[in-house]
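Down below is the structure, laid out as structure tokens.
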């Protein structure tokens, strides 16, 4: 039992030293164990083969392509990865400290390609005596001793200011300059900014973990507010990113606190190197591999035969104003659909609140199947912002619908099962997280259209059936 407890402390603690042997043995063991579990689950659950080469790829494109085929596995695999992420990062930082290297260099664990080089080097660096450590509570060079409450507030304010400056700079650099929405934005930016805030807040006196996490998450809020203020992002996108960014910020704050506990005076060069190299993670989203294709399927049962339903699938009249909260928050919603022509090659236009989807027909199998490509699409949402125009490059190609389809299947008693499918790609990371939002949005859009088609088809069918029923009743009376 004690051995298990010691092993868990070695994995998850930030204070237990990590020597080269433990780093190599446990690093390889945990990596192989995680690969075997992931590969087995994908093989048994979805009949997908995940090779070691796919697993070790420096970008997530291949892995995303695998999980795109298994929507039900995305969330479990994402959650399963989080503890391994913590173990890898914490052991890398502690291995760097044990080798008398700056703990900041251990944060290169998060930079694709560079992380492999760093881990290999750390496997062979011997343990060394630590450099002199500043005594706890030493005010360093901040000047004459100040009252405890003043130092307390001052360190928190400095931490918040550092978080705001670093976070805003990294976010603008990655999104506006590099036009990258990779892990550098949604993981690197909150993590690095929070590491800096946690480090600054604890630099001259160790603060409680809860207080450090509060400073780190408050700093994240300030960065989010600055992105809104400078029209870099809208409220909805920031709100969607928060469930992912907050735990990362908390983890970064704790890391920064432990870095500060080292109290070494020669941290500046390594810290600067981490800040300079961090944007290199933006290369993650520039992988040459094509993004995976995701599919969302929704269906309704219609009390009308396929021939009647088909007419309302090909084109439909104006939909009523939306009642769904999602659409009121700015997500684009369908309003009407028109078609020009007949059969394959006809041009369908589905008008949304932000513009039109242009959909050339590729399969016309009346009254069973209608398939179309998407050659043009409007912005997926209208950002909630105090400004009229928001500079958010992801609006142009972060989400792209590439194909759509309606399938009609005859059911007993003259009913029809109507299914709508949309295939889309995401150029925003981590896809395993953002695809959860995208699936929900697309599914809500589907149901708005399918329910409208159902109502229109059932109304037409009931109207057509009423005269026939009346005639039959009259004839029976005679």
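Here are a few things to note about the model shown:
- With respect to the conditions (1) in a loop (DSSP other than H, G, I, E, B); (2) touching a residue at least 12 places away in the same chain (Cβ under 8 Å); (3) within 30 Å of residue 175 (Cα to Cα), residue 388 falls short on a single one, namely (2).
- Residue tally, condition modelled with pLDDT of 85 or more, out of contact with any helix residue (DSSP H, G or I) (no Cβ under 6 Å at 6 or more places or on another chain) and over 20 Å from residue 431 (Cβ atoms), over region 276-311: 6
- Selection of region 89-114 for residues being under 25 Å from the mean Cα position of the chain (by Cα) and either on the phi > 0 side of the Ramachandran plot or surrounded by fewer than 19 Cβ atoms within 10 Å (Cβ to Cβ) (or both) yields 113, 114.
- Only one of 244, 199 that is under 22 Å from the mean Cα position of the chain (by Cα) and part of a helix (DSSP H, G or I): 244
- For first residues located in region 311-330 and on the phi > 0 side of the Ramachandran plot, partners that are part of a helix (DSSP H, G or I) and at pLDDT below 90 and lie 6+ apart or on another chain with Cβ distances below 7 Å form the pairs 330/236.
- Some residue of region 1-15 being modelled with pLDDT of 85 or more and closer than 21 Å to residue 126 by Cβ: yes
- Cβ pairs under 8 Å, 6+ apart, first in region 34-45 and part of a helix (DSSP H, G or I), second modelled with pLDDT of 85 or more: 34/84
- Hits in region 166-210 - residues which are without any contact (Cβ under 8 Å) to a residue 60 or more places away in the chain and surrounded by fewer than 18 Cβ atoms within 10 Å (Cβ to Cβ): 169, 177, 208, 209, 210
- Residue count for region 333-385, restricted to those that are part of a loop (DSSP other than H, G, I, E, B) and surrounded by fewer than 16 Cβ atoms within 10 Å (Cβ to Cβ): 8
The values are calculated or read from the model by the stated rules, or taken from the named source; none is laboratory data. Every value quoted in this text rests on a predicted model; they were computed, and no experiment measured them. As a convention, Cβ positions derive from the backbone with ideal geometry for all residues, glycine included, and neighbour counts pool all protein chains shown.
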